[in-house]
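Quick notes on the structure that follows.
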Amino acid sequence: ILVVDDAPEIVELFVDVHERDGRFEVKTANTGYTAGILTQEFNPDLIILDYMLPDINGNVVCQTIRANPAFEHTKIVIVSGVVNQDEINELLKAGADDFVKKPFNIEKLIERIGELLSV
């Protein structure tokens, strides 16, 4: 799993929860640029992606990943507190598999990740 968020406390939460869970290897990025590099190197099964990154928005990241056939298996879950329904629909059209609004319930999100990855 690749966690992409510019909020250190969100990244830390995901890392802690996934390490305790033990099913997933977790890498983290705090910009879209770093996320792109890590996606190429790590080839994640799932990306947890903040919609509003300092350098790029989630739509562009989704479209870029979806344009590359090497990542057709990669699931994308957008996490954000600042989008309206039209923006959510655009994200889903851009290739996101799911959308979770901040603040979120971490247990429910982990459960959803398990469902998306069938584990």
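Going by the structure shown, is Glu107 closer than 23 Å to Pro8 by Cβ, open to solvent by 20 Å² or more (accessible area, probe 1.4 Å), part of a helix (DSSP H, G or I) and not hydroxyl-bearing (Ser, Thr, Tyr)?
Answer is yes for this residue.
Go through the range 73-82 residue by residue and tally those that are open to solvent by 20 Å² or more (accessible area, probe 1.4 Å) and either in contact with an Asp or Glu (Cβ under 6 Å, 6 or more places away or on another chain) or farther than 19 Å from Lys27 by Cα (or both).
Going residue by residue through the range 73-82, those that are open to solvent by 20 Å² or more (accessible area, probe 1.4 Å) are 73, 75, 81-82.
Subsequent filtering for residues that are either in contact with an Asp or Glu (Cβ under 6 Å, 6 or more places away or on another chain) or farther than 19 Å from Lys27 by Cα (or both) retains 75, 81-82.
Selection size over the range 73-82: 3.
Show the residue pairs meeting these rules: Cβ distance below 6 Å; 6+ apart or different chains; first residue within the range 103-117 and without any contact (Cβ under 8 Å) to a residue 24 or more places away in the chain and among the hydroxyl-bearing types (Ser, Thr, Tyr); second residue surrounded by 13 or more Cβ atoms within 10 Å (Cβ to Cβ) and outside any helix (DSSP H, G or I).
Within 6 Å, no pair qualifies.
In contact with a helix residue (DSSP H, G or I) (Cβ under 6 Å, 6 or more places away or on another chain), among the β-branched types (Val, Ile, Thr) and closer than 20 Å to Phe14 by Cβ: which single residue out of Val61, Val79, Val83 fits that description? Break it down into steps so the answer makes sense when it comes.
Values: Val79 fails: in contact with a helix residue (DSSP H, G or I) (Cβ under 6 Å, 6 or more places away or on another chain); Val83 fails: in contact with a helix residue (DSSP H, G or I) (Cβ under 6 Å, 6 or more places away or on another chain).
The match here is Val61.
Which residues, taken from the range 56-72, are touching an Asp or Glu at 6+ places or on another chain (Cβ under 9 Å) and surrounded by fewer than 22 Cβ atoms within 10 Å (Cβ to Cβ)?
Asn59, Arg66
Of all residues in the range 86-96, how many are in contact with a helix residue (DSSP H, G or I) (Cβ under 7 Å, 6 or more places away or on another chain) and open to solvent by less than 60 Å² (accessible area, probe 1.4 Å)? Working first, answer last.
As a first pass, look at the range 86-96 and keep what is in contact with a helix residue (DSSP H, G or I) (Cβ under 7 Å, 6 or more places away or on another chain): 90-91, 94-96.
Imposing the further condition that a residue be open to solvent by less than 60 Å² (accessible area, probe 1.4 Å) reduces the set to 91, 94-96.
Total satisfying the criteria: 4.
The values are calculated or read from the model by the stated rules, or taken from the named source; none is laboratory data. Nothing here was measured: the structure is a model prediction, and the numbers come from that model. FYI the Cβ positions are ideal-geometry reconstructions off the backbone, even for glycines, and counts take in every protein chain you see. Accessible surface is based on the protein model in full, side chains and every heavy atom, while ligands, DNA and RNA are left aside. Shrake-Rupley method; radii C 1.70, N 1.55, O 1.52, S 1.80 Å.
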